[in-house]
Each structure stands twice: as structure tokens, then as C-alpha cells.
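Scroll down for the structure; my scribbles are underneath it.
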Amino acid sequence: MADRSSSRSRRRNDAPSQKSEFRQWVEAIVVAVVIVLIIRTFFFDLFRIPTPSMERNLLVGDYLFVSKLHYGTRLPMTPLAVPFGSAFRDDLYLDAPQIPYTRLPGFSSIERGDAVVFNLPPDDGPIDRKMHYIKRIIGMPGETLQITDKVVAVDGNRLPLGEGMQYFWTVRKSDARYQVSRSELEDLAISAWRENPDGEMARTLATARAALEVRDWSWVEDVEPLVLRNTNYDSVLYPPNQGFTPDNYGPLTIPAAGKTVTLNDETWPVYEPVITRFEGRSARAMTDSTYAIDGEETTTYTFEQDYYFMLGDNRDDSEDSRFWGFVPEDHIVGKALFTYFSWDAEAFRPRFNRILRPIQDGEVFTDTPILEDGNLVEAAATDRE
């Protein structure tokens, strides 16, 4: 009898112990966090649009699906950080150790017109801990970019104004008594319309296609781009004190990996910040029209990585490369593919028509109006490069 009781006791002791319900929940949460962390680090990430700088293609409240695989995943450079800590604070990480920039192979290259998420270059701190921005790539490595009366040209070839890109326009009315209705503006997705006191002119923020529609209204005499001539921008644009404005800018040649530039009084203000901040070199101007790079006297410099020129789609309400310069390749996070959700905070409801909406890339410049000698014309009406 004693032997049977001892045997039952041993079987009970040998049975696997039951995990508590609390422990099972903790393990499930930990596994889920690890999986999400791996996916968002190596495959894709999710971002929200907080400002109108990309309207009307991307709206405030759009939630974006951003692929890290297209251009190749950038491996973490600051590995010791609180997971998802950036959602609460910007400094929940350790500065050391820092891992050198490494990007895995991707399956597509960076192209003009891509909507790209990147770390903001002028921010301080480790590269992958800088603030995230989204803009559209306009200038490619090695190209010369210039903006003349709002028209962007790369290597001398003018770009169309772009589908869904907004600009300020001056509307000249043939009948000052006419008052535009709210429904007329809403039909063209025009969010701003401000008339002069005499009612003969108005300023509006609209896409080029909407501006063409406005010009066809019976009481409108003409629609012209509103070009800024204000020299007060001179000190806040990149590089400063060059006489640039947001609408008349450059020309600037964008740095490219392996490209050698001559350093002189004209190019030094453009490339010195790139050489010191992003290439990690010590650079200073000498007294005899030469320059010292890492202590060696030289009049040339060869760049180590590619750089890009970014602009916002809401061209007159965007802080972009015109204000803070080129975007280095090691700052690029990924390509924005589609909006997976959108929330209209003013109406306090979802924008159902924007859910799973693809984000245009290069085709944003296809068959869209252009500015020709200050006149707005359809792309088909003229030969363009």
C-alpha cells in the first residue's frame, strides 16, 4: 500500500508544472513586441503625416506604409535604445556604441519623384535618431538644379508642376463684384482663397490643374503664379546669403559619390557643410584661396556618398532642401508606398477614400501642366524634355 502511494506521489511530482495565466500573457506580449520590432526594423515602418507640406498628395492625418526593402534596409546605427521609445521621447537611447552605416541590397533604386521618408539632416544626434521627414525627390546625385520663377529645372530640363502639387496663384478678376462660392472651391479642393480689398484680385493656394479650371471661369481674366521676390529669405535658405528665394533658387550641383568638385569662393559655402557634417572631414578655408581637408591643402574634394535634393508637394508651404540642403544617402529610411489609413481631425472622422491609396512616384510628373514664360499651359500644348 505504501509503495502505491509513493508511486502516485512521484508521478505527480514528475508532471510538468502549469504556467500561470499572467506568465502566458507576458510571454505572448514579449514575443509580439519582438516580432513587430524585427518587422519595423528590417522590412517596413509606419508613419503619420503631421503637417501640410505634401498636400494635396498627402494630407495631414494620413498614415503611411513605408517600405525599407525597396532601397535596401539600413541596419540600425544606434542599437541600444528603448523599443518604440521615439513615440514618447526623442532621447531614449545610448550614444554608444555606434555602428557604421550599412545598407542591405534592395530591389529598386531611388528615382526622381519618389516620396521618401528620411532622417532630417540638420538635426543633431545619431543619424537614425534624427526626426523623420517625408518629401519628394526632385534632384538626383550629380545633377544641377535651378528654380526660376517657380519652375524647377534639372540639367536645364524643366519639370512639369506635378500632379497634386500646390502653389500660390494670383487670380485677376474681370468682374470685381463676383464672389466665389465655397462649393466652387471645394469642387477643386482649393483650401485657401483671399481677395484684395477692392475685389479685383485674389490669392489662392491650388494645384496647377485646379488653377487651369479657375482660369476658365467666365469672370476670371487671368491666373498667374505668385512669385516671391522677398530678399528676407536670403539668410534662411541653403546656403545662406546667396541672393536666393524659394521661387528663384540656384543653380546648385548636387554631390554624388565619386564626383570631384573644385573648391573656390563660389562652391565653398555650398559644399563645406556637406564635407564637415556628413562626410566627417575636418575642413577649413586657407588665406591663399586654397582649403585644408583633414589638414591637407587642396583645391578639390571627392564625395564619398550620394546626395539628393528634396522638395515638398505643397511647394509654398514646405521646409525642404531649399532651407536645409542636401539629403545624404545614409539618412534615407525608405519609400512611401500607400496610405493605410487617414483621419480628418477637423471633421473628426476617417477619410475612407484614402484608405489603401497608392502614393504616386515618378508618374506624378506625367501629363501635368507646366509654366512656360510665366503662363500656365497644358503639357500637351508644348514640347517638353
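Each reported figure results from applying straightforward, stated rules to the coordinates on display, with no laboratory input. Predicted model, so just to flag it, every value in this text is computed and none were measured. Note that we place each Cβ from the backbone using ideal geometry, even for glycine, and neighbour counts take in every protein chain shown.
Odds and ends about this structure:
- Sequence-separation-based contact order of the chain, relative, with Cα cut under 8 Å and 6+ spacing, percent: 22 percent
- Taking region 260-302 and dividing mean pair separation by its residue count, relative contact order in percent (alpha carbons under 8 Å, at least six apart): 43 percent
- Percent of Cα pairs exceeding the 14 Å cut-off, where the set is region 204-251: 59 percent
- Sorting T260, T339 by the number of Cβ atoms found within 10 Å of their own Cβ, with the fewest placed first, yields T260, T339.
- Annotation for region 151-242: trypsin sites (Lys or Arg not before Pro) lying in DSSP loop with at most 11 further Cβ atoms inside 10 Å of their Cβ are R177, R229.
- Applied to region 206-218, the Karplus parametrisation 6.51 cos²θ - 1.76 cosθ + 1.60 on θ = phi - 60° returns per-residue 3J(HN,Hα) values of 8, 6, 5, 5, 5, 4, 5, 5, 4, 4, 7, 5, 4 Hz, with x for Gly and Pro.
- The Cα-based radius of gyration of region 72-187, divided by its Kirkwood radius, gives an Rg/Rh of 1.14.
- The relative contact order of region 226-307 comes to 29 percent, based on Cα pairs under 8 Å that sit 6 or more residues apart.
- Per the Kirkwood formula applied to alpha carbons, region 120-187 shows a radius of gyration over Rh ratio, Rg over Rh, of 1.16.
- Residue order, fewest to most surrounding Cβ atoms within 10 angstrom, among V151, V60, V327, V236: V236, V60, V151, V327
- Taking label positions 7 Å along the Cα-Cβ direction at both A257 and L212, the computed distance is 3.9 nm, reported to one decimal.
- Karplus-derived 3J(HN,Hα) values for region 301-306, using 6.51 cos²θ - 1.76 cosθ + 1.60 with θ = phi - 60°, are 8, 10, 6, 9, 9, 7 Hz; glycine and proline are entered as x.
- Scaled to the globular estimate 2.2 N^0.38 Å, the Cα spread of the chain, given as radius of gyration, is 1.29.
- Rg and Dmax of region 260-302, Cα atoms only, in Å: 9.1, 26
- Whole-angstrom gap from region 335-384 to region 67-141, using each part's C-alpha centre: 25 Å
- Formal net charge of residues neighbouring V236 (Cβ-Cβ distance under 10 Å; K, R +1; D, E -1): -1
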